[in-house]
Each structure stands twice: as structure tokens, then as C-alpha cells.
Amino acid sequence: MKKKVVITGVSTGIGFSAAQILCNAGYQVFGSVRKEDDAKKTIEKFGENFTPLIFDVTDASAIKKCAEEVEKTLKPGEVLTGLVNNAGVAMGGPVTLIDTDVFRQQFEVNFFGLIEVTKTFLPLLGAVKGSQAQGKIINISSVSGKRANPFVAPYTASKFAVEGFSDALRRELLIYGVDVVLIEPGPIKTAIWDKVPDLEDNEFTGTDYEPSLRKFYKFFIEMGRKGLDADVIGNRVKDILQNPSPKTRYVITPQRLINFTLPGVLPDRMFDKLVGKELGLLKK
């Protein structure tokens, strides 16, 4: 009997990689996409071990309908091996110059959408009294869920929220034996880097932040496009599903010293000055 896994956001990037790797490993993967065309493309790419689920993580009724479809495939006593919450978007800009609705939109997808999907699929993971089997929840967070950089406050805040939610949920689900694991990627080669605003023509051109944003784009965006292959994360997803005792979180990033370790060990004020100097943000 094939082990069954649900993954959100499989049309590109980490979700695509995880779905492909698990399908090739013999799992039955149910992957969410938002468009019918993407559903057809993923079927062609992943083959018979893949079943598309068409829903947006902000659409509770569509999520529920798809969960009912997945439930019909489960035999008595069978549960999902895993739920991988991967779907997400990245929004940013100087806090003083972006509308508060940008934060709301960011949280609707990255945080509230993740919660809606999780709550809907929890019973299928064995989070019910008397269940003899349990699956795992894997939440794709980010190093930005632990380390904050300027100009990506909406994204960073949403990932910090995912971190706190995951820790709380993991402890609550001890009563059922359902585990919650976080993956915290750094820069990964995905389509997300192709969606950044045009450096020469964007809403922040001509503002006080333009010079700093140019430096930010040059450093962070170029680093992202040279990041790790998405398969690194996809393979980690498979490893976690197959590991009876995984860690609670996995930091996976190139240049770990710069991207993760130093911001965590240096005093905040010292790191503020380093970032401020690098990006030209220090008041003159």
C-alpha cells in the first residue's frame, strides 16, 4: 500500500521538487495547485503517483472539498503519512512606504492559509482519539523565521508566526502522537526571485530608501538566484517522513555563518550597525 502525502504549492520551486522526489520514491502525492492548467502540467510531470488538488490556501471551502476527496482514498485505519505546508508568497518593501494591507495579504497566505490547511487535514493524519497510526506535519518556514532583514518585514513576520504556531501545535498534538517539523531554508533557486520588482522602475524609486534598496537587491536577490537547488529541500522532506525521530527544525542554507549564525550570536545593536553600514541605512 502506497504511503500518501499532501503537499501545498507544487507548481514550482520547493513544492515541485518535493512532489517529484516523493512520487519517484513510490509515494502517492496529492499536490495543491491554484489553476487547472497547472494541474494538467503536474500530472504530466509526476505521473500516476500524483493527484492534483485545485485550491488556494485562502479558500476554506475549496480546501475542505479537496480534503474530502483525499479521505475517500484512505482505507479503514489508514492515515496520511504527511502534510507538507509549502505554499507561500513573499512580499516586502520599506514598512513606512507600504500599505498595511500588504501585511494582511502576506499573512492570509503564509500563516492563516497554513493554519486552515493544517486544521482541515489533521483528522486524516491520525489526530483523533483511538487512531492507531499518525502522520507528520512538515511546515516550510525560512531562516527569515528566525533572522530578520530590512525591507522584507511582511514575509519575515509571517514566517516568525509560522515558527511560533508550529512549536505550539507540536506540543498540543503530543496527545495524538502527530509530530510537527519545521524546515528553515535560506536562499533557494526558485521562481520567487523572478517576481521581484524592477530595480529601475518600482514604487520606491525616488524615495529615501532607493539607494539602500539598490544595495539590498544586489546582495540578497543575487544571493537568492545563486542559492541551493530546491531538491536539497525536497530530499530533506523525504528524509523527515522516513525518520521515526526527526529533529523539530532543520536550518538549510548556504553560507550558514552569514545567513544564520552571526545574526543569532551577535548583539542586536552590533548587527544593526553592520547591516546599516552595508546597506547605507545609518543616519548621517
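The values are calculated or read from the model by the stated rules, or taken from the named source; none is laboratory data. On a predicted model such as this, the values are computed, not experimentally measured, just so you know. Note: ideal-geometry Cβ built from the backbone for every residue, glycine included; neighbour counts use all protein chains shown.
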**OP:** Output the qualifying pairs, or none if there are none: Cβ atoms under 8 angstrom, residues six or more apart or on different chains, first residue in the range 89-111 and part of a helix (DSSP H, G or I), second residue charged (D, E, K, R) and at pLDDT 95 or above.
**Re:** N110/K159
Original post:
If you take just the helices (runs of 4 or more DSSP H) that sit entirely in the range 175-284, which of them hold at least 2 residues that are within 22 Å of the chain's Cα centre (by Cα)?
Top reply: 222-225, 230-242, 262-265
**OP:** Six or more apart or on different chains, Cβ under 6 Å: which pairs go from a residue in the range 113-137 that's closer than 25 Å to A90 by Cα to one that's among the aliphatic types (A, V, I, L, M) and assigned to a helix (DSSP H, G or I)? Could you list them?
**Re:** E116/A60; E116/I63; V117/I63; T120/I63; T120/A67; F121/A67
Subject >> K226 vs. criteria at pLDDT below 95, exposed (fewer than 15 other Cβ atoms within 10 Å of the Cβ) and in contact with a helix residue (DSSP H, G or I) (Cβ under 6 Å, 6 or more places away or on another chain) >> reply: no
**OP:** Tell me which residues, restricted to the range 43-78, are surrounded by 11 or more Cβ atoms within 10 Å (Cβ to Cβ) and polar (S, T, N, Q).
**Re:** N49, T51, T58, T73
Original post:
Name the pairs: first residue in the range 20-39 and within 23 Å of A62 (Cβ to Cβ), second residue at pLDDT 95 or above and acidic (D, E), Cβ to Cβ under 7 Å, at least 6 apart or on different chains?
Top reply: R34/D56
Subject >> Condition broken by T12, with the remaining ones in (1) surrounded by 18 or more Cβ atoms within 10 Å (Cβ to Cβ); (2) under 21 Å from D229 (Cβ atoms); (3) of a type outside the set (D, E, K, R) satisfied >> reply: (1)
Subject >> Scan of the range 127-153 for residues that are on the phi > 0 side of the Ramachandran plot and surrounded by fewer than 17 Cβ atoms within 10 Å (Cβ to Cβ), ordered by number >> reply: G130
**OP:** Can you tell me which residue within the range 24-42, out of those that are in contact with a strand residue (DSSP E or B) (Cβ under 9 Å, 6 or more places away or on another chain) and over 23 Å from T120 (Cβ atoms), is surrounded by the fewest Cβ atoms within 10 Å (Cβ to Cβ)?
**Re:** K40
Original post:
What about L169, is it out of contact with any helix residue (DSSP H, G or I) (no Cβ under 8 Å at 6 or more places or on another chain), of a type outside the set (G, A, S) and more than 24 Å from V265 (Cβ to Cβ)?
Top reply: no
Original post:
Can we say F204 is of a type in the set (F, W, Y), at pLDDT below 95 and in contact with a Leu (Cβ under 8 Å, 6 or more places away or on another chain)?
Top reply: yes
Original post:
Going through the range 243-281 one residue at a time, which ones are without any contact (Cβ under 8 Å) to a residue 60 or more places away in the chain and loosely packed, with under 12 Cβ neighbours inside 10 Å?
Top reply: P244, S245, L257, V265, P267, D268, R269, M270, K277
